[in-house]
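Working notes, structure below.
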Amino acid sequence: MSYELTGKLTAKFETIQRTGTFKLREFAVEKFDDIGGRTVTNYIKFQCVQEKTTIIDKYNVGDDIKVHFNIKGTKWEKEGKVNYFTNLDAWRVESVS
């Protein structure tokens, strides 16, 4: 299942080569929500992986964008401890006019 979010691009980070075959890039989007008449600012961090790391290249900080993404979760166990990670994997970004 895919999701989408519209907001202002607030940060773009460099591509990180994690292993010889895996790379990722992160970026953040600022989104405003009205909750009970009060405006709340949220900053949402997305990641792009592999060939998708370039989808944010043509956008500048301050641009209004729509991000299409999937939610992925991972269970990680080490030395008897369990942890869970959630990633927002962006697969398409488009300009909002």
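The values are calculated or read from the model by the stated rules, or taken from the named source; none is laboratory data. No experiment lies behind these values; they were computed from the predicted model shown. Using ideal geometry, Cβ is built from the backbone for each residue, glycine included, and neighbour counts are taken over all protein chains shown. What goes into the accessible areas is simple: the full protein's heavy atoms, side chains included, and nothing from ligands, DNA or RNA. Shrake-Rupley method; radii C 1.70, N 1.55, O 1.52, S 1.80 Å.
Quick one: among Gly37, Gly20, Gly80, which has the greatest mean-square fluctuation in a GNM of the chain with alpha-carbon springs under 10 angstrom?
Fluctuation is largest for Gly80.
Along the principal axes of its C-alpha atoms, what lengths does region 41-97 span, in descending order and rounded to whole Å?
Cα extents, longest axis first: 49, 31, 16 Å.
Can you find, among Ser2, Thr74, Ile56, the residue sitting farthest towards the positive end of the charge dipole of the chain, where Lys and Arg contribute +1 and Asp and Glu -1 at Cβ?
So the residue we want is Thr74.
Find out how many positive minus negative residues lie around Glu14, taking Lys and Arg as positive, Asp and Glu as negative, among other residues whose Cβ is under 11 Å from that of Glu14.
On the way: positive: Lys12, Lys23, Arg25; negative: Glu26.
Net local charge, Glu14 excluded: +2.
Rg to Rh ratio, region 1-43, alpha-carbon atoms and Kirkwood radius? List each step's numbers first, then the result.
On the way: Rg = 15.0 Å, Rh = 12.8 Å.
That ratio is 1.17, to two decimals.
Suppose a student asked you for the relative contact order of region 26-70, using Cα pairs under 8 Å spaced at least 6 residues apart; what percent would you report? Numbers along the way, then the final one.
On the way: 34 pairs, mean separation 13.8, N = 45.
Answer for region 26-70 is 31 percent.
Could you tell me which GluC sites (Glu not before Pro) in the chain are loop residues by DSSP with no more than 11 other beta carbons within 10 angstrom of their beta carbon?
Details: sites: Glu4, Glu14, Glu26, Glu30, Glu51, Glu77, Glu79, Glu94; in loops: Glu14, Glu79.
Sites meeting the loop and neighbour criteria: Glu14, Glu79.
Looking at the chain, which trypsin sites (Lys or Arg not before Pro) are in a loop (DSSP not H, G, I, E or B) and have at most 14 other Cβ atoms within 10 Å? Can you show the working numbers first?
Values: sites: Lys8, Lys12, Arg18, Lys23, Arg25, Lys31, Arg38, Lys45, Lys52, Lys58, Lys66, Lys72, Lys75, Lys78, Lys81, Arg92; in loops: Arg18, Lys58.
Answer by residue number: Arg18, Lys58.
With the contact rule set at Cα under 8 Å and sequence spacing of 6 or more, what percent relative contact order holds for the chain?
Values: 200 pairs, mean separation 28.5, N = 97.
Reported as a whole number, the value is 29 percent.
Heads up, I need the accessible area for Thr10: 1.4 angstrom probe, whole protein in place, Å², nearest 10.
Only protein atoms counted, so the area is about 50 Å².
Restricting attention to the alpha-carbon atoms of the chain, what are Rg (one decimal) and Dmax (integer), both in Å?
Every Cα atom of the chain included, Rg and Dmax give 15.2, 50 Å.
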